[in-house]
């Protein structure tokens, strides 16, 4: 049975399985590479599917790989970044008379949405938090610039702590022995 969420989503790349279902068990059909693209949770997913469909005694088996990319905001600096994705697909779609509960069914007209399978595989392989590559620069907690806080040009000594600063060794001096 299909859930309500699957019914409301538009098809992405529908394949008619009638020719392969007419063959005996063991028949194989290779799909031409196809592209899928969708916006999921504010991030863009784009992929190219390389799949093969094999005839089984209960329906068809869909085997292959989807190479793609995920485009979104870096979790640290919020700049746009891209991450490569690769997802394997190995699913069996069953004829309705041989399916149990929760099985992937061959749809009306002996068709199945291969594009939706590819997008779901990319979604499962996604990075939960994207990061820049190479790593984004450290942000200053004082001014927000792209440098560490201890190297901030706007960093100045709090006048209330000037007395304590005189006890610290000057930069470049050797540390005084403790004791």
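Overview of values
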quantity: Identified option (computed P(r) over Cα pairs in 5 Å bins from 0, in percent; candidates (1) 1, 7, 13, 14, 13, 12, 11, 9, 7, 5, 3, 2, 1, 0; (2) 1, 7, 14, 18, 19, 15, 9, 6, 3, 2, 2, 1, 1, 0, 0, 0; (3) 1, 7, 12, 13, 12, 10, 7, 6, 5, 5, 4, 4, 4, 4, 3, 3, 2, 0, 0); calculated: (3)
quantity: Gain upon complete extension [residue 56, residue 143; 0.36 nm per residue less C-alpha separation]; calculated: 25.0 nm
quantity: Average Cα contact separation per residue, the chain, under 8 Å, 6 or more apart, as relative contact order %; calculated: 19
quantity: Calculated FRET value between residue 161 and residue 77, using beta carbons and R₀ = 22 Å, to 0.05; calculated: 0.10
quantity: Region 1-101, relative contact order [Cα under 8 Å, separation at least 6], %; calculated: 20
quantity: The chain: antiparallel DSSP beta bridges as a percent of all, rounded to 5; calculated: 95
quantity: Neighbour-count ranking [beta-carbon atoms within 10 angstrom, fewest first] of 54, 90; calculated: 90, 54
quantity: Cβ-based exposure ranking for 18, 44, in which fewest neighbours within 10 Å come first; calculated: 18, 44
quantity: Value of [θ]222 nm, deg cm²/dmol, for the chain, DSSP H segments ≥ 4, -39500 (n - 2.57) each, nearest 500; calculated: -3000 deg cm²/dmol
quantity: Sequence of 16, 158, 113 once ranked by neighbouring C-beta atoms within 10 Å, starting from the fewest; calculated: 158, 16, 113
quantity: Degrees between helix 114-124 axis and first principal axis of the chain (Cα, 0 to 90, nearest 10); calculated: 30
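Bear in mind these aren't lab numbers, they're just calculated from the coordinates by the rules spelled out. Given the structure is predicted, the values throughout are model-derived calculations rather than measurements. No Cβ is skipped: glycine too gets one built from the backbone with ideal geometry, and neighbour counts run over all protein chains shown.
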